[in-house]
Every structure is written in structure tokens, then in C-alpha cells.
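The structure under discussion appears below in the form of C-alpha cells.
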2 protein chains.
Amino acid sequence: MSNDRFINALLRKPVDATPVWMMRQAGRYLPEYRATREKAGDFLTLCKTPELACEVTLQPLERYELDAAILFSDILTIPDAMGLGLSVNEGVGPRFERTIRTEKDVENLSVPDPEDDLGYVMDAVRLIRKELDGSVPLIGFSGSPWTLATYMIEGGSSKDFRQIKTMMYQAPELLHKLLSTITESVISYLNAQIAAGVQTVMVFDTWGGVLTTNDYEAFSLQYMRKIIKALNTGSGDDRIPAILFTKGGGLWLEQIADTGCDGIGLDWSIEIGDAKARVGDRVTLQGNMDPAMLRAPDDRIRQEVKHIIDSFGEGSGHVFNLGHGITPDIDPEKVKVYVDAVHEFSQS
Amino acid sequence: MSNDRFINALLRKPVDATPVWMMRQAGRYLPEYRATREKAGDFLTLCKTPELACEVTLQPLERYELDAAILFSDILTIPDAMGLGLSVNEGVGPRFERTIRTEKDVENLSVPDPEDDLGYVMDAVRLIRKELDGSVPLIGFSGSPWTLATYMIEGGSSKDFRQIKTMMYQAPELLHKLLSTITESVISYLNAQIAAGVQTVMVFDTWGGVLTTNDYEAFSLQYMRKIIKALNTGSGDDRIPAILFTKGGGLWLEQIADTGCDGIGLDWSIEIGDAKARVGDRVTLQGNMDPAMLRAPDDRIRQEVKHIIDSFGEGSGHVFNLGHGITPDIDPEKVKVYVDAVHEFSQS
């Protein structure tokens, strides 16, 4: 690979500068993304058309010196492939036609075949790898079992997670059964992405932070640990690194590091130096600028980038990122300020 | 006072059982609350009519062996008294007619006079104290400056805090100016509540958890520290204890304890034994059962109450509470299970 900073940082090998990418870097803040999306007609068609998914995946790399590409897709492809009837409307968010509430609902679910039922994702991976042509590594991803279960049970986004928490406290065994089916699906999905060519995998546990410490272990982390152990990542310095990201998971970094993952995604609430003091160099830390900072004047963005780099301190094992996805209102010029500042302030 | 468990626990004095109350204990889950609310016509009239506010404050104490009453009111009374035009509609949430966005908006604000502009709150405090007649202590409260500022700037509830974060990163001095005015208002408001008779004060920092560690210190905790220092709480064993509650603040317990507050409110994400290990017996810990647990079977609720009591362990300095407010859908019978279990499992 002509740029191996990102992989090297995940393997805690020396890097010439801190690698940087952004969650949702292929997204609505880019006019060229909006144009492709317009062409696709709707969000799901964009996800399900490998040529278009490839096109938007590559767009931010044309503009910025990013050190990794991330597959353009959605975390809800798995429940969609399970037949729940996904629709995504801007403003409304994702909705499922069918929700999972009963024993029968759970029993009727089956693990999707990644090449048959999610072939469009694997085709996109193969196409993007070809187009990237060894320039930067490609990140594949999945939602975490807990996070996918929240959407499947609630039927969409939620403020209070009422239905899933009711199931968790009233019928925990049923929820475990559902989480086991999702976990099997995630493993098969990520392993297929690896076979198709992704060079790093990331698990997004967007909603793990709404749990108690004990419930996080029992209903989210336990299943992510199973995923980490079952991935066909190879071993040693050629392995495919895996990153776990629990938004709101700052209290549980030690437990997350113990799963055997290579990297932990941090949201912006924690000071990265404090995180490093807690987990040492067992894992790489990815993050963690507040995405809202991209609305600041250029000097303030640069100051914050420098602060995070200084807070992380010496040594490899840092991948720069935002603490959550970039929002659609951001001026694309600000992203250049951010990306360039990371490389400038971290040159060794 | 015939029941001084709550105050004693806040002063880390011995108690015969762990005191318990609930955030939003006077709330929509109670049919008698809904009846009084119906009589009032709307939520704000209920807040602004001392007799009705007193009535709903006392309702949960008739049903359950709670160890404290909390003034029925709303955190948005201060910005309402500043003239922002508050309306509260169920389903929609609170809305302000006028938002604070510019230098001029901030300059035009003045600190409300608590007896003139918020006299209905002080009248309610005096009436409730009279009706309680020394049975249990009365808790007064305010929103934190940061949390009040989020509503004043956004104009209501927010998912992404876009406007206030933009101000924070683009015009931090303007936001500090606003926070200073709100802080003065909170100090004067809480001191008036103390003069009117509340026996504990609590500051609700509902949205402090959306900040980075440095921004939390600069834009939220700094101002709460000023409040703690400026309260007319008296001193020694007769003092009025003060509790700070930052939802999502589990990473910052040491800094919160350092403010000199008597108690820290915990949301449900942290294990209370871990919290105690971090802050020792410098402060009392209040919390922290997940409100969703009140939808569980009785045995599961009792098991969770016992778990939290065991996790806290020996010694005084624990006030049992939920990690956030009780939700309207809860069966009132479940609250009895919860309250009684706290006393049963903590009898010394």
C-alpha cells in the first residue's frame, strides 16, 4: 500500500504522521455526494448500487489527504437483509416495516447469506478496492448486535429505548436469543467483507452508552467480544485490525480493550490522554474531536487538533478521527483545515 | 424533622436505612397528578399556582414511604422569568418564543428578582413546608447554567446542540457572558428558595454530558462551582446540603466532588461501587437505578435495588434514587416495590 499509516497505527507500529479519517466522510456535507445521491434517487438505492457506493466512497479522498477510505453503506443492511423492510427518509430517519417483539419474531429470523443477501455490499468492496488501487486501506464495518437490536425492536431511532429495555428487563433470555442471531450475522457479514477485500473492520456500537455497566457487559460487550474472536483477521503484522466504537462508552475502556480488539473508537467526551493513561498501549485509540468543532474558525480547529495530538502524546497507536460522524451543515473547506492540521502537528 | 435520613445521608452521618426518593416523583405516572394537572389546564399553570404545585408535590408522599419531597416546578422558570416566553406542550416539549443568539440578546437579559418575578415558586415552597409539617425534608432545585443556556439558545430541546456549540466554538466570550448572567440568576433563585424554606438544593445539569472534558470544566462545572460557593447554606451539621447532577458526567466525578458539593447525582451508566471507589467518602452519592427497571417484574426490581445497595457497600453517604426521572408509563405499584425494597435491603 502506498499509504500504510492507518494500518501501522492500528498495529502500534511507527508512523511518520498521525493517520486521519472521519466518520461519515462520504456524506451530505459534500456537494458531489449530494449530486450522486440525487442521481441514485434515494439513500438505499445509493447503498445498494455498487458503482454509486464506490463513487461516494472515493469522493472525500479526491478532496482531502485522508489516510483511509470507509465503505459507503449503512449499519442497517443486516436487518434489512433479514426481511424487516427498511426505509430511510431524511428528517425521519430509518424505519422498519416489521419490528421484533415476540418469541415468534425472533425465531423467524435467519442469518443472511452475505454473498446472496448482501452481495451488493461485497460487490462494492471489490469495486472500491480495485479503484483505490493500493492507495489507502479500505475500512469495512457493521453495527454492533446491541445497536442493531435497538432498531429492530424499536422499529427505528429511539430517544428512550423503551421497547428494548422492557424486553431486557422482562424477557432477558429472548433478547439474548435475538442478540445471538444478530451476532452470528455480523460475524458472517464482516468475514465476507474481509474476504472481499476490506483491510480493517469497525463495529459501531452507537447505543451501548444507554446501558448500565452490568448490562453493557451482558447485552453489548459480550457479543462484540464474540465477534472479535470469530473474525478471520489472520495474525501477526499481516492481520486485519478491528476497531470497537461504543458512543458513551468512556467508563468502560478497560473492558473494551480486554476484548482483544486492536483499536477503540472514542467519542469526544473523554480527554484522549486520560484514555491512554487508562488503557496504555494495549490498543490504539481512535478519535476524538467534537464534530461541532468543524463550525469553528480555522485557528480554533487547528488549536483543537493540536490539543488532541498533544494530549495523546508520544508513541504510535493514535488514529485521528471525529468523536462521531460529520454533520451535513459543515463547510467542506473546514475539513481540509482539520485533515491538514492533523498531519502538520503530528509530523515526527 | 421526624424523618432525617435524607439529610443525615447527605451529611455522611449514620442512618437506620438508606433514604430514597425519585426524580419526577410528582409526575404523570400518578393518576392523581394527572387529575390535578387536568384541573390546572396546562403544565405551566400547574407550576405557577402554589396551591396546585403543593398538592402534586405531596401526592407521592401519600402513597410511598419516601424520605424526601421535591418542589414541583420546572428548570425553565428562570429563562421564563427573563421574558423568553416559555410554553410547554406534551409531546412537543418546552419551547421559547425568543432565543438568545446575539450580543444584544445577551445584553438585554437581566437577573430576575426571585420574590418579584418568581414569587410563585417561593410561595409554593412556603406552603409545602407548612403542609409537610416537619415530616420529611423539602428539596429545592434549579437547572445548571449550561443546561439552561442550551434551552435559551436552541429555543427548546435539542438533539445535537447545534446553536449553542456553534456559539461555544465561534464566540466563547459571548457564551461565557450569558452563562455568568444565568449563574447570578441561579444563585439568587436558590438562595431565595433556601430563605423560603427548602432544606436541600439540587442543580440539574441535564446536558453537561454532551461536552468534551475541557468544555465541561469551562462551560458547565466552573459555573456550578460558583453556585456552590455562593449558596447561603450555613455551615457544619446544620447546613443545607447541595447536590450536583450531571447526566452523562460519569467521567468527571472527581472534579464534581472537588466543587465542595455534598452530594453527586449519578445516572445509571456507572456502577455505584466504582463511583464510590473513585470519590471515597468526600461526598454522598445519589442514585442510580435505570428508570426502565420499573417496567420489570417485582423480583427483578428488588434484585436490582439490592445490587445497588450491595455495590455501594458499608457506611453512610448513599441516597437511593433513579438515574433519571421516572417515565409516565410506569405502573404506580412498581414504585412501591422499589421504595420498600430500598428500606428493606438497607436496614442496619
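Only one entry of B:Val125, B:Val121, B:Val106, B:Val111 meets the criterion of being more than 14 Å from every other protein chain (Cβ to nearest Cβ), under 29 Å from B:Val92 (Cα atoms) and not in a helix (DSSP H, G or I), and that entry is B:Val111.
This table checks each residue for (1) surrounded by fewer than 21 Cβ atoms within 10 Å (Cβ to Cβ); (2) free of Cβ contacts under 8 Å to residues at least 60 places away in the same chain; (3) more than 19 Å from the chain's Cα centre (by Cα).
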site	(1), (2), (3)
B:Tyr64	yes, no, yes
B:Asp74	yes, yes, no
B:Pro94	yes, no, no
B:Arg98	yes, yes, yes
B:Lys104	yes, yes, yes
B:Glu115	yes, no, yes
B:Ala124	no, no, no
B:Pro137	no, no, no
B:Pro145	no, no, no
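Scanning the range A:173-194 for residues that are within 14 Å of chain B (Cβ to nearest Cβ) and touching a residue at least 12 places away in the same chain (Cβ under 8 Å) returns A:Leu174, A:Leu175. Screening B:Leu58 with (1) part of a helix (DSSP H, G or I); (2) buried (at least 21 other Cβ atoms within 10 Å of the Cβ); (3) touching a residue at least 60 places away in the same chain (Cβ under 8 Å) gives one miss only, at (2). Taken over the range A:61-78, the criterion of being of a type in the set (Phe, Trp, Tyr) and within 24 Å of A:Gly143 (Cα to Cα) is satisfied by A:Phe72 alone. Here the range A:286-344 is the region considered, the condition is being among the acidic types (Asp, Glu) and facing another protein chain (nearest Cβ under 10 Å), and the residue that is farthest from the chain's Cα centre (by Cα) is A:Glu304. Evaluation of B:Arg278 against the conditions (1) away from every other protein chain (no Cβ under 14 Å); (2) under 25 Å from B:Trp252 (Cβ atoms); (3) touching a residue at least 12 places away in the same chain (Cβ under 8 Å) shows that the sole unmet condition is (1).
The rows are residues; the columns are (1) at positive phi; (2) within 19 Å of the chain's Cα centre (by Cα); (3) within 14 Å of another protein chain (Cβ to nearest Cβ).
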{"site": "B:Thr213", "(1), (2), (3)": "no, no, yes"}
{"site": "B:Ser220", "(1), (2), (3)": "no, yes, yes"}
{"site": "B:Leu253", "(1), (2), (3)": "no, yes, yes"}
{"site": "B:Gly265", "(1), (2), (3)": "no, yes, no"}
{"site": "B:Val283", "(1), (2), (3)": "no, yes, no"}
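The residues of the range A:225-250 that are within 14 Å of chain B (Cβ to nearest Cβ), more than 20 Å from A:Ser180 (Cα to Cα) and crowded, with 22+ Cβ neighbours inside 10 Å, listed by number, are A:Gly249, A:Gly250. Before we move on, is B:Ala292 crowded, with 17+ Cβ neighbours inside 10 Å, more than 22 Å from B:Met224 (Cα to Cα) and modelled with pLDDT of 95 or more? Considered against the rule, which asks whether it is crowded, with 17+ Cβ neighbours inside 10 Å, more than 22 Å from B:Met224 (Cα to Cα) and modelled with pLDDT of 95 or more, B:Ala292 comes out as yes.
The criterion of being on the phi < 0 side of the Ramachandran plot, assigned to a helix (DSSP H, G or I) and among the β-branched types (Val, Ile, Thr) holds for A:Ile182.
Residues that are assigned to a helix (DSSP H, G or I), more than 14 Å from chain A (Cβ to nearest Cβ) and surrounded by fewer than 17 Cβ atoms within 10 Å (Cβ to Cβ) do not occur anywhere in the range B:153-163.
The values are calculated or read from the model by the stated rules, or taken from the named source; none is laboratory data. Note that this is a predicted model, so its numbers are computed, not measured. Using ideal geometry, Cβ is built from the backbone for each residue, glycine included, and neighbour counts are taken over all protein chains shown.
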